[in-house]
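Quick one: this structure, given as structure tokens, is what I'll be asking you about.
The values are calculated or read from the model by the stated rules, or taken from the named source; none is laboratory data. For clarity, every value in this text was computed on a predicted model and none was experimentally measured. Please note: Cβ atoms are built from the backbone with ideal geometry, for glycine as well, and neighbour counts cover all protein chains shown. Note: accessible area is taken over every heavy atom of the protein model, side chains too, but ligands, DNA and RNA are not part of it. Shrake-Rupley method; radii C 1.70, N 1.55, O 1.52, S 1.80 Å.
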Amino acid sequence: MENFNQVESDIISKIEKVTNRNSLDSIKTDIFGKKGIITELFKKISTLNQSQKKEYASKLNSLKIKVTNVLEKKIADFEQAEINKKLKNEKIDVTLPGRTHFSGKIHPVSQVIDEVTSIFSEIGFSVEEGPDIETEYFNFSALNTPENHPARDMHDTFYLDQSKDLLLRTHTSPVQIRTMLKDKPPFKIIAPGRTYRCDSDQTHSPMFHQLEGLHIDKNINMGHLKGCLYYFVKKFFEVEKVKMRFRPSHFPFTEPSAEVDIGYKIENGKIKVGEGDKWLEVLGCGMVHPNVLKNAKVNPKQYQGYAFGVGLDRLAMLKYGINDLRAFFESDIRWLEFYGFDPLDVPTNYRGLSR
Ligand code: DAH
């Protein structure tokens, strides 16, 4: 009979000597392949007589199990070593300083949206969004806009179908209605987003950005509106004091309505916001019309509040001294290099808005 102990120690010492995965594979073939040592031993079984067969087969089986275990252990050792090597090479030192130069920049409009969001969130406003494609109802009717109002005109509004049911929203005000319909008062939200009108020149683009504000609660009055906007303008322009004036105006969705101008002057060829005797219109606002509240299933006898709408592109131009609005949307990488912001300088109230 075969000396199984000898065979076993020969094979195992061969396996133990292997130093890499490839040689291990070829040794595996030497043992278990078609002409492998153990395969050959199995072939012998048929040549043995009945009395030898049983003992031989049982010894051979336990040899096979032992060798298989040793092989598997060796394979696992190689795999573990491979993983350890990778971990060592791909180690990240989290204490290293961050990279200081990025090839990407944040667009001034995105920057301004981050800034206004930060400013309003500090006084309890949350952010809402609405779709760019609106229905005529949310964009006009629910906002108390009469059937014959000039804003509905084909010249101003991009309608998407003949029936004029669908359109590209002309302002962010429909988000007021959507917000109120899906929840219960009080409401204190802002809604930044894209808006569209048939208009294009140095200061108008067919697609532009607005920020809507809505604050509905019990006993809200125009004093709250003024306080809120004063706080906002001061924070946004990062100045201590701002000259502001509220001019009576008309919007179908507010009563009374006002337009807000801020004072400015030109100093050394640069615009200085907040002082001076020139006026610049920056936003529209007012006390939400009772019809709007009714359309949004809010009881105007119990709740009232204010709303405002700000042109964000305008704010970005003013704050960052950009004088052609069209450049905002031309995707010129050199322009963005110059006017864009560092992606890691996220504006917050405590770190500062812009630097
Ligand atoms: N939706 C108006 C516009 O696009 C702006 C506006 C004015 C919004 C008064 C308001 C508001 O919420 O109260 O011109």
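Going by the structure shown, is V346 farther than 21 Å from R194 by Cβ and within 26 Å of the chain's Cα centre (by Cα)?
Answer is yes for this residue.
Does E337 satisfy the criteria of being charged (D, E, K, R), assigned to a helix (DSSP H, G or I) and either open to solvent by less than 80 Å² (accessible area, probe 1.4 Å) or touching a residue at least 60 places away in the same chain (Cβ under 8 Å) (or both)?
Judged against the criteria, E337 is a match.
Scan (1) β-branched (V, I, T); (2) touching a strand residue (DSSP E or B) at 6+ places or on another chain (Cβ under 7 Å); (3) within 15 Å of the ligand (Cβ to nearest atom); (4) closer than 19 Å to Y306 by Cβ for the single condition T145 breaks and write down its number.
Of everything listed in (1) β-branched (V, I, T); (2) touching a strand residue (DSSP E or B) at 6+ places or on another chain (Cβ under 7 Å); (3) within 15 Å of the ligand (Cβ to nearest atom); (4) closer than 19 Å to Y306 by Cβ, T145 misses just condition (2).
Further question: Name the single residue that is most open to solvent (accessible area, probe 1.4 Å) among those in the stretch 265-324 being polar (S, T, N, Q), farther than 23 Å from K226 by Cα and away from the ligand (no atom under 15 Å from the Cβ).
My answer is N268.
Residues being within 33 Å of the chain's Cα centre (by Cα) and not in a helix (DSSP H, G or I): count how many of those fall in the stretch 132-175.
Result for the stretch 132-175: 21.
Just wondering, is there one or more residues in the stretch 189-204 that are farther than 25 Å from F138 by Cα and either within 16 Å of the ligand (Cβ to nearest atom) or modelled with pLDDT of 95 or more (or both)?
Scanning the stretch 189-204, I find at least one residue that is farther than 25 Å from F138 by Cα and either within 16 Å of the ligand (Cβ to nearest atom) or modelled with pLDDT of 95 or more (or both), so the answer is yes.
Looking only at residues that are within 14 Å of the ligand (Cβ to nearest atom) and open to solvent by 50 Å² or more (accessible area, probe 1.4 Å) in the stretch 207-235, which one is nearest to G286 (Cα to Cα)?
So the residue we want is M222.
Quick one: count up the residues across the stretch 148-182 that are away from the ligand (no atom under 16 Å from the Cβ), free of Cβ contacts under 8 Å to residues at least 24 places away in the same chain and surrounded by 13 or more Cβ atoms within 10 Å (Cβ to Cβ).
1
Residues in the stretch 240-264 that are of a type outside the set (K, R), open to solvent by 50 Å² or more (accessible area, probe 1.4 Å) and either more than 30 Å from F138 (Cα to Cα) or not in a strand (DSSP E or B) (or both): how many?
Looking only at that region, the number is 1.
Residue-wise test of (1) in the same structural domain as D332 (by TED's automatic domain parsing); (2) under 30 Å from D313 (Cα atoms); (3) among the hydroxyl-bearing types (S, T, Y).
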| position | (1), (2), (3) |
| --- | --- |
| K43 | no, no, no |
| S51 | no, no, yes |
| L63 | no, no, no |
| S103 | no, yes, yes |
| I113 | yes, yes, no |
| G124 | yes, yes, no |
| V127 | yes, yes, no |
| I133 | yes, yes, no |
